[in-house]
Amino acid sequence: MSMRDDYQNLSDLLQDVVSATETFHGALPERPVAARKRTGGPSTDLPGHGIGGKAALREFLDQFGGDLSGSVGSRYFGFVTGGATPASIAGDWLAGAVDQNVASPGDSVAVAITVQALNWLKQLFNLPQTSYDGAFTTGATGANFACLLAAREWAGEQAGYDIARKGLAGGPPIAIYSACPHASFVKVARFSGLGEDSIHAIARIGDTEEMDPNALEAALAAAPSDQQKIVCASAGTVTTTAFDDLVSIGSICRRYGAWLHVDGAFGLFARTVPELAGRTSGIEMADSITVDGHKWLNVPYDSGFYFTRRVDLIERAAGGLPAYLDVESDGLPHYINRVLEGSQRFRALPVWMTLCAYGADGVRETVRANVGQAARLAAFLRDSPHFELLSPTTLNVVCFRGLPPDGVENADAWNKLLLAELNAGGTAFMTPGAYGGKGGIRAAFSNWQTRDEDLDQTIVALQTAHEAATRKGSLAA
Ligand SMILES: Cc1ncc(COP(=O)(O)O)c(C=O)c1O
C-alpha cells in the first residue's frame, strides 16, 4: 500500500484512530492500571512492503494494545504523572497532523501561538509579564538544562568571559548551591560541563527537605570572592513537596550576587490557587524557573517550559543562525535559539487548547481536587493500624509505608512486596519512595480525572495488598 493511497483515505484511517482512542479511554476504569510485564519487545524484521496505515494500526493494537499503561487514567499515582485533558489530546493530535516547526517564525502562525501560550502561562502563575520570557521544552529536565545554560552564561558575563565561545576552561570558578535538587538538575549539571561536584549541598531545616537560608547565607559568605554562584531552589520536592523559602533565599541571592534558579516542575501549580500561593512567595526574584506541562497541567508528553529574566543569555548559549535559517522574524522569537533542539514540535498547541478550553479555573479545580485527595489518603493511612506516614502530606504527594507483620525484620524489603502486590492488583499504581531512612511507597496525585470514588477503590486495594503481603511475609518469616 502506498503513502499516496493511504493519504486519499486519510479520514478512514483517522476514524480508526478515533475509535481506538475511545476504546482505550473507555476501558481505563476497568483495565489494570499498569501493563503486565513484557520480557521482550517486538522482534520482527523490517517489512519490505508495507501493509498500509489501517492494517498497521490494527497490527499495533492487536499486538500491543493490551500492554499499554493506564497512566493517563485516574488511579495511576506513580512518579508525578499528569493525565491529558480532552482539549489537550485534540491539540496534541493536531500538532502532529499539521506538523508545524516552531524553530523559526515567518511561515506560520505557530510561533505567535507559542508566544501567546507562554504569556497565558505567565498569567496563570501570576508571574510579571514583561520581566520573563522563555520557551517550551521536552520537559522539566530540558527546562532545567536551558536555565542552567543561562546561569552559566551569566557566570561568564560577571567575569567578563564568554563561556559559549571559549568554553569553561579558563573561565571563572562556578559553584551551584542547593539543598534538595531534583535528579534531573544533577543530570543537567553534568550535561552543562559544570559537573555534579559543582553542586554544594546546603543544610536543610531539621529533618525536612527545605533549604536552611542561614546555611545558604553562611556558604555564600564563605565562598571565594571570584567564584560565580548559582542557587538552585525547589518549589515542590518530589517526596515531601517541600518549598524553599524564596523570600529569604531570593534576598540572600541578591545580597551575594548569585543567580537564583527555581525548579517548580509541578510545585509551581500551587501558585494557581490562592490558599496555596503563599508557598511560592518571592519567586519574582528568580532569574530562571522550570515548569512541566505534562505533569499538573495535564497535557500529553512531551511538554515543559521555562521562564527567565535573561533570555538573551540562553540565546547566546543556544543561538547562532546559519544563513539558511535566518528568516524574517517580524519581532517573533527564533525558538531554535532558546533550547537545545533545532526543529521543534508545536508543543504550545496542546497547552493553548487546554487553557482556551478550561481556563485558569480548570487548572485550579484539578489542583484543589488532587490536594484534597492526597490529604484524604494521608488521613486514612495515619489512622490505620497497618500503615504509617513517612512525611507530612502538604500538597499532592503521600509518602508512606505498610507496617509489616511480627517477625519480618526487613521492613523496606517487605514494603517492596507490598508495592508489588498493590500494583499487581491492577486497581491502582504507585511507585517506591523513601524518607527519613525508611523505604516505602509514594502516591502522587496530579490527574484531572481522579475522583473520590477512585480514592475509595485505592484504599480498598491498599488494604487487600497489605493482607496479601502480610500472608506472604509471615510465611517467609
Ligand atoms: C521537581 C522536578 N524537577 C524536574 C523533573 C524532571 O521532569 P521531566 O521528567 O519532565 O524531565 C521532575 C519530574 O518528576 C520534578 O518533579
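No lab work stands behind these numbers, since they all come straight from the coordinates. Since we're looking at a predicted model, the values are computed, not measured. Using ideal geometry, Cβ is built from the backbone for each residue, glycine included, and neighbour counts are taken over all protein chains shown.
Among 445-453, 9-17, 291-299, how do they line up from the highest to the lowest mean number of other beta-carbon atoms within 10 Å?
Details: 445-453: 20.0, 9-17: 12.3, 291-299: 28.9.
Top to bottom by mean Cβ count within 10 Å: 291-299, 445-453, 9-17.
What ranking do 101-113, 256-268 get when scored by the average of other Cβ atoms within 10 Å per residue, highest first?
Values: 101-113: 17.9, 256-268: 25.5.
Output ranking for 101-113, 256-268: 256-268, 101-113.
Treat every Asp and Glu Cβ in the chain as -1 and every Lys and Arg Cβ as +1, leave all other atoms uncharged, and give the resulting dipole magnitude about the Cα centre to the nearest 20 debye.
Details: 38 positive and 52 negative charges, 122 e Å.
Result for the chain is approximately 580 debye, rounded to the nearest 20.
Relative contact order (percent) for the stretch 90-355, with alpha-carbon contacts under 8 angstrom and 6 or more residues of separation?
On the way: 532 pairs, mean separation 86.2, N = 266.
Rounded, it is 32 percent for the stretch 90-355.
What 222 nm value per residue comes from the helices of the chain, counting each DSSP H run with n ≥ 4 as -39,500 (n - 2.57) and dividing by all residues, nearest 500 deg cm²/dmol? Present the calculation step by step, with values, prior to reporting the outcome.
Details: 15 runs with 205 residues, N = 477.
For the chain, the value works out to -14000 deg cm²/dmol.
Can you give me the Cα centroid spacing of the stretch 12-28 and the stretch 415-477 in angstrom?
So the two Cα centres are separated by 30 Å.
Let's test the formula: R0 of 25 Å, r as the Cβ-Cβ distance of residue 453 and residue 35. What FRET efficiency results, to the nearest 0.05? Walk me through the numbers before you get to the answer.
On the way: r = 23 Å, r/R0 = 0.92.
It comes to 0.60.
Quick one: in the chain, what % of C-alpha pairs are over 33 Å apart?
Summing the P(r) of the chain above 33 Å gives 44 percent of all pairs.
Sort 82-90, 392-400, 320-328, 116-124 by packing, meaning the average of other beta carbons within 10 Å per residue, with the highest value first. Walk me through the numbers before you get to the answer.
On the way: 82-90: 22.1, 392-400: 23.8, 320-328: 9.9, 116-124: 18.1.
Averaged packing, sorted descending, gives the order 392-400, 82-90, 116-124, 320-328.
Mind giving me the FRET efficiency for residue 58 and residue 302? R0 is 35 Å, r the Cβ-Cβ distance, nearest 0.05 is fine. Present the calculation step by step, with values, prior to reporting the outcome.
Numbers: r = 27 Å, r/R0 = 0.77.
Given R0 = 35 Å and the Cβ-Cβ separation, E is 0.85.
Using the Cβ atoms and a cut-off under 10 Å, what net charge is assigned to the surroundings of residue 266, where Lys and Arg are +1 and Asp and Glu are -1? Write out the running numbers ahead of the final one.
Details: positive: 295; negative: 263, 292.
Here the charged neighbours net out to -1.
Report the full-extension gain for the segment residue 420 to residue 187: residue separation times 0.36 nm, less the Cα-Cα distance, to one decimal in nm. The partial results should precede the final answer.
Working: separation 233, 0.36 × 233 = 83.88 nm, distance 2.85 nm.
Between residue 420 and residue 187, full extension yields 81.0 nm more.
Given contacts defined as C-alpha pairs under 8 Å and at least six residues apart, what's the relative contact order of the chain, whole-number percent?
Details: 910 pairs, mean separation 103.8, N = 477.
Once normalised by length, the contact order is 22 percent.
Could you work out the relative contact order of the stretch 251-290? I mean the mean sequence separation of Cα pairs under 8 Å and 6+ apart, divided by the number of residues, in percent.
With pairs under 8 Å counted, the relative contact order is 51 percent.
Treat each spin label as a single point 7 Å out from the Cα along the C-beta direction, and report the residue 69 to residue 46 distance in nm.
For residue 69 paired with residue 46, the spin-label model returns 2.9 nm.
Using bins 5 angstrom wide from zero, how does P(r) for the stretch 143-204 break down, in % of all Cα pairs?
4, 19, 30, 25, 15, 6, 2, 0
Please give the net charge around residue 474, taking every other residue with its beta carbon less than 13 angstrom from that of residue 474, where Lys and Arg add +1 and Asp and Glu add -1. Let's see the in-between values first.
Numbers: positive: 471, 472; negative: 406, 409, 467.
For residues surrounding residue 474, the net value is -1.
In nm, give the distance between the simple-model label positions of residue 18 and residue 90, each being 7 Å from the Cα along the Cα-to-Cβ direction.
For residue 18 paired with residue 90, the spin-label model returns 1.2 nm.
Provide the FRET efficiency to the nearest 0.05 for the residue 410-residue 166 pair, computing r from the beta carbons and using R0 = 56 Å. It would help to have the intermediate numbers written out before the result.
On the way: r = 53 Å, r/R0 = 0.95.
Between residue 410 and residue 166 the formula returns 0.60.
Please work out the C-alpha center-to-center distance from the stretch 137-170 to the stretch 343-398 and express it in whole Å.
32
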